[in-house]
Amino acid sequence: MTLKKYSIGVIGDGAWGTTLAILLAEKGYPVTVWGAFPDYLHQVSETRENVKFLPGIKIPQTICFSSELEHVLAAVDIVVLAVPSQFLSGVLRGIKKCQFKGKPFVSVVKGIDPETLMTMSQVIKHELGNIPVAVLSGPTIAIEVAKKIPTTAVVACKDPVLARELQQIFSCSHFRIYTNDDVRGVELCGSVKNVIALACGICDGLGFGTNTKAAILTRGLVEMTRLGKVLRARPETFVGLTGLGDLATTCFSPSSRNRTVGYELGKGRSIKDILASMDSVAEGVHTARAVHNLARKLAIDMPITEGVYKIIFKGKSARKVVSDLMGRTLKKEL
């Protein structure tokens, strides 16, 4: 079967799901997008614009929309999962009732489950069984990809044949895909970097400078790599596109939701008020609790992550957390 014959279902109508749907549709693939709210999907279908999550970007007429999981799953060959991590298990339980056997799943969901401490691909296999799963990740701010700004990303998959096929499907003139078989490392990078981005945003909100932000990014990368080493991910993954690349993008981009939430925390707003004012989801908030739990379980020293956790879930002052970090026992760099 030639690549052009694949039909693709995108589960999730947020910024990234919509962006990937547009990219794939413009390559000639039949695409159907699923969303949980029928009225909003109807609005998007009529106006051909996702004003809530991807304003100003025209959606091709060829993209279909449906709020019926069964309808979408029955009609597609490949499934792209693009829902927030905290909603993934619920969506997967709905998928279990549909025809999904034999269809490869591509996860673009970044996060770690706070209760089970599983990565998203592990959650997918836990709910759906031993199905083909790949992970698409990297420094990919959705609006930049939607505007066709040159971007690179990684497809991580244990099956090299599937990885190369997905590489061809998603690659285009402005979106270059690499392959990697370190699925765990890629997922850990995509999850923990959101927590470090919150810390960088807090740094900005407190009015600190580039010195502080560089320290957070660099020592945050050490924390990510430290966790990956214990969980048997490859160290080189953490200095690649899905590690250092995604970390830098999320920490510095004004479009980063996690950096923005951190900025507001640094300004003194409560996490409850910040989240209530947002349509989109900042994955780092939920991931901070998951990584905190994981670090405690594995006895891994992750002080920046611990600090972010205390600010969000324990109400600790951001300035006090910074003071505590700066006052830790002196040590070698690595």
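The values are calculated or read from the model by the stated rules, or taken from the named source; none is laboratory data. Note that this is a predicted model, so its numbers are computed, not measured. Virtual Cβ from ideal backbone geometry, glycine too; neighbours counted across all protein chains shown.
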message: If I ask for residues that are surrounded by 14 or more Cβ atoms within 10 Å (Cβ to Cβ), outside any helix (DSSP H, G or I) and either of a type in the set (Phe, Trp, Tyr) or not assigned by TED's automatic domain parsing to the domain that holds residue 136 (or both), which ones from the range 1-48 would you list?
response: 6, 29, 34
message: Given the criteria more than 21 Å from residue 9 (Cα to Cα) and at pLDDT below 95, does residue 150 qualify?
response: no
message: Can you say whether residue 230 is modelled with pLDDT of 95 or more, of a type in the set (A, V, I, L, M, F, W, C), within 21 Å of residue 202 (Cβ to Cβ) and out of contact with any Phe, Trp or Tyr (no Cβ under 7 Å at 6 or more places or on another chain), as far as the supplied structure shows?
response: no
Residue in the range 230-254 that is surrounded by the fewest Cβ atoms within 10 Å (Cβ to Cβ), counting only those that are part of a loop (DSSP other than H, G, I, E, B) and of a type in the set (D, E, K, R): 232
- prompt: Could you count how many residues in the range 279-325 are buried (at least 20 other Cβ atoms within 10 Å of the Cβ) and hydroxyl-bearing (Ser, Thr, Tyr)?
  reply: 3
- request: Go through 321, 230, 281 for me and flag whichever is under 25 Å from residue 153 (Cβ atoms) and among the aliphatic types (A, V, I, L, M).
  value: 281
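Mind listing whichever residues of the range 58-104 are in a helix (DSSP H, G or I) and touching an Asp or Glu at 6+ places or on another chain (Cβ under 7 Å)?
Answer for the range 58-104, where residues must be in a helix (DSSP H, G or I) and touching an Asp or Glu at 6+ places or on another chain (Cβ under 7 Å): 85, 89, 92, 93.
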- line: Taking first residues from the range 230-241 that are assigned by TED's automatic domain parsing to the domain that holds residue 296 and in contact (Cβ under 8 Å) with a residue 24 or more places away in the chain and second residues anywhere that are assigned to a loop (DSSP other than H, G, I, E, B) and aliphatic (A, V, I, L, M), the pairs with Cβ under 6 Å that are 6 or more apart or on different chains are 230/300
statement: In the range 112-134, anything hydrophobic (A, V, I, L, M, F, W, C), under 18 Å from residue 224 (Cα atoms) and touching a strand residue (DSSP E or B) at 6+ places or on another chain (Cβ under 8 Å) is listed as 112, 118, 120
- request: State whether the residues of the range 280-291 include one that is in the same structural domain as residue 207 (by TED's automatic domain parsing) and in contact with an Asp or Glu (Cβ under 7 Å, 6 or more places away or on another chain).
  value: yes
query: How many residues, within the range 124-149, are surrounded by fewer than 18 Cβ atoms within 10 Å (Cβ to Cβ) and among the β-branched types (Val, Ile, Thr)?
result: 3
- prompt: When residue 211 is evaluated against the numbered criteria (1) under 21 Å from residue 118 (Cα atoms); (2) free of Cβ contacts under 8 Å to residues at least 12 places away in the same chain, which criterion, by number, is the only one it fails?
  reply: (1)
